[in-house]
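To start, the structure under review is shown below, and the notes come after it.
Each value in this text was obtained by applying a stated rule to the coordinates, not by laboratory testing. Owing to the predicted nature of the structure, the values given are computational and were not obtained by experimental measurement. Counting neighbours? That spans all protein chains shown, and the Cβs are built from the backbone with ideal geometry, glycine included.
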Amino acid sequence: MPKRKQPKVRREDLKPGENLCDHCTAKCCRYFALPIETPTDWADFDHIRWYMIHGNVSIFVEGDTWYLMVLADCKHLLDDNRCGIYHDRPQICRNYTTENCEYDDDSCYDKLFEAPEQIWEYAHAVLPPKKPAKSDRLSLPIVS
Ligand code: SF4
Ligand code: SF4
């Protein structure tokens, strides 16, 4: 008989002294995100499309800030979801707390693009029509 999946422990149900990370699949160790310049023209969106074409890259927007998110597990993450270099982990990992972390599966962004086709569709919706590049134009032979 298949094992019944245990319900996820809710953060408000933690017992005194218990650590939320002990119930987590180390979500915060499986990606990183960097702010990027707000795209304003076709060239900017084309750059973003290029980032995303590489795979495992999403773009999200919070307020006025655009972020590039790379979905990649940290090389020091162990099979049991613990940190393999805990005492030597980077400062950014030390500063991170469970207070507003993504444990609860309720992350919500103002905008989220998970595929290059989505960002390109968005560019078509918000930008003026794209002028064809010279190299895109067909050069047909002149027939006299
Ligand atoms: S800080 Fe939050 S997301 Fe990161 S491992 Fe702990 S509970 Fe999970
Ligand atoms: S160094 Fe440790 S805490 Fe930091 S991302 Fe990697 S596994 Fe997570």
TODO: Starting from the Cα of His23, step 7 Å along the direction of its Cβ; do the same at Ala72; then give the gap between the two resulting points in nm.
DONE: 3.2
TODO: Could you please report the charge total around Ala26, scoring K, R as +1 and D, E as -1 over all other residues with beta-carbon less than 10 angstrom from its beta-carbon?
DONE: +1
Task: Those trypsin sites (Lys or Arg not before Pro) in segment 1-78 that DSSP places in a loop and that have at most 13 other beta carbons within 10 Å - done: Lys3, Arg4, Lys5, Lys8, Arg10, Lys75
TODO: May I ask for the net charge around Glu62, where only other residues with Cβ less than 11 Å from the Cβ of Glu62 are counted and Lys, Arg are +1 while Asp, Glu are -1?
DONE: -1
- [ ] Output the relative contact order of segment 54-120, whole-number percent, from Cα pairs under 8 angstrom with separation of 6+ residues.
- [x] 42
Task: Label-to-label distance, nm, for residues given as Glu62 and His87 (7 Å Cα→Cβ offset) - done: 3.3
Open item on the list: Placing unit charges on C-beta atoms (Lys and Arg positive, Asp and Glu negative, everything else neutral), compute the dipole magnitude of the chain about its Cα centre in debye, rounded to 20.
Closed with: 460
Open item on the list: Residue by residue through segment 83-94, what is 3J(HN,Hα) from phi via Karplus (6.51 cos²θ - 1.76 cosθ + 1.60, θ = phi - 60°)? Round to whole Hz and write x for glycine and proline.
Closed with: 7, x, 10, 3, 7, 10, 6, x, 4, 4, 6, 5
Task: Reach of Lys130 by Cα under 24 Å, taken over lysines that are not fewer than 8 positions away in the same chain - done: Lys111
Task: Nearby aspartates and glutamates by direct alpha-carbon distance to Lys8 (threshold 15 angstrom, same-chain neighbours under 8 apart not counted) - done: Glu18, Asp22, Glu102, Asp104, Asp105, Asp106
Task: Largest-first principal axis extents, alpha carbons of segment 1-54, Å - done: 51, 35, 16
TODO: Return the ratio Rg/(2.2 N^0.38 Å) for the chain, where Rg is computed over Cα atoms only.
DONE: 1.51
Task: In segment 44-144, GluC sites (Glu not before Pro) in a DSSP loop with at most 15 other beta-carbon atoms within 10 Å - done: Glu99, Glu114
Open item on the list: Run the helix sum for the chain: -39,500 (n - 2.57) per DSSP H stretch of 4+ residues, divided by residue count, reported at 222 nm to the nearest 500 deg cm²/dmol.
Closed with: -5500 deg cm²/dmol
Open item on the list: Just to check I understand the Karplus step: with θ = phi - 60° and J = 6.51 cos²θ - 1.76 cosθ + 1.60, what whole-Hz values come out for segment 106-115, glycine and proline as x?
Closed with: 10, 4, 9, 10, 5, 9, 9, 10, 10, 9
TODO: Using Cα pairs closer than 8 Å and at least 6 residues apart in sequence, work out the relative contact order for the chain, in percent.
DONE: 28
